[in-house]
1. Taking chymotrypsin sites (Phe, Trp or Tyr not before Pro) as candidate sites, keep only those in a DSSP loop with at most 12 other Cβ atoms within 10 Å, then name the longest stretch of the chain containing none of them.
2. Magnitude of the Cβ-charge dipole of the chain, K/R +1 and D/E -1, about the Cα centre, nearest 20 debye?
3. So, in the chain, how many Lys pairs have Cα atoms under 22 Å apart, if the pair is 8 or more places apart or on different chains?
4. Provide the net charge surrounding Val41, with neighbours chosen by a C-beta distance below 13 Å and charges set as Lys +1, Arg +1, Asp -1, Glu -1.
5. Quick check: net charge around Val53, other residues with Cβ under 14 Å of its Cβ, Lys/Arg +1 and Asp/Glu -1?
Amino acid sequence: MTPDDVKTKLLKEIHLRGYDDHYIDRNEEREILQIALQLGVGMEAARAEMAEVCVQSGYVLETAVIRAMSERLAASVESAGALDREGFERIVAEGVRLVSGKKGDRDVRVMLVTLMEDTGHNRVKAGWFDNWYRALKKELGVG
């Protein structure tokens, strides 16, 4: 299969999965990558091709959003040692901007809290009598 054929097939699969919301979540991305592998494309080449097709077509890749938020989170935690509420809100605002209205504010908060728990960057600055992070997790139903 030629590279143009692969790109056309990936475009078709992306349109099939993201037609309603123009958002490719992790499960949809996994399915698309499996199809690319079946076509004989390597994993890295398939990821690059899929990212390119998504950008050209105006689709948002969840893994790209998570990667950007992860980098911002790691930088914030490294510089301050712990994440404060304002730093959390800045990362959420960037995530909301990256999802381009495809997901809501609450969904981005859940993604960030899940990312914090998965990466171990869940040290936060809390007050004596309140812990905003624990309250937020309870409110979101995460953890």
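1. Values: sites that count: Tyr19, Trp128, Phe129.
Between exposed loop sites, the widest span is 20-127.
2. Values: 21 positive and 25 negative charges, 78 e Å.
Here the size comes out at about 380 debye.
3. Numbers: Lys12/Lys102; Lys103/Lys137; Lys103/Lys138; Lys125/Lys137; Lys125/Lys138.
Lysine pair count for the chain: 5.
4. Values: positive: Lys7, Lys9, Arg47; negative: Asp4, Asp5, Glu13, Glu44, Glu49, Glu52.
Summing Lys and Arg as +1 and Asp and Glu as -1 gives -3.
5. Details: positive: Lys7, Lys9, Lys12, Arg17, Arg47; negative: Asp4, Asp5, Glu13, Glu28, Glu29, Glu49, Glu52.
It works out to a net charge of -2.
None of the figures in this text is laboratory data; all of them are computed from the coordinates on show. As the structure is a computational prediction, the values presented were derived from the model and not from experiment. Positions of Cβ are backbone-derived with ideal geometry, glycine not excepted, and every protein chain shown enters the neighbour counts.
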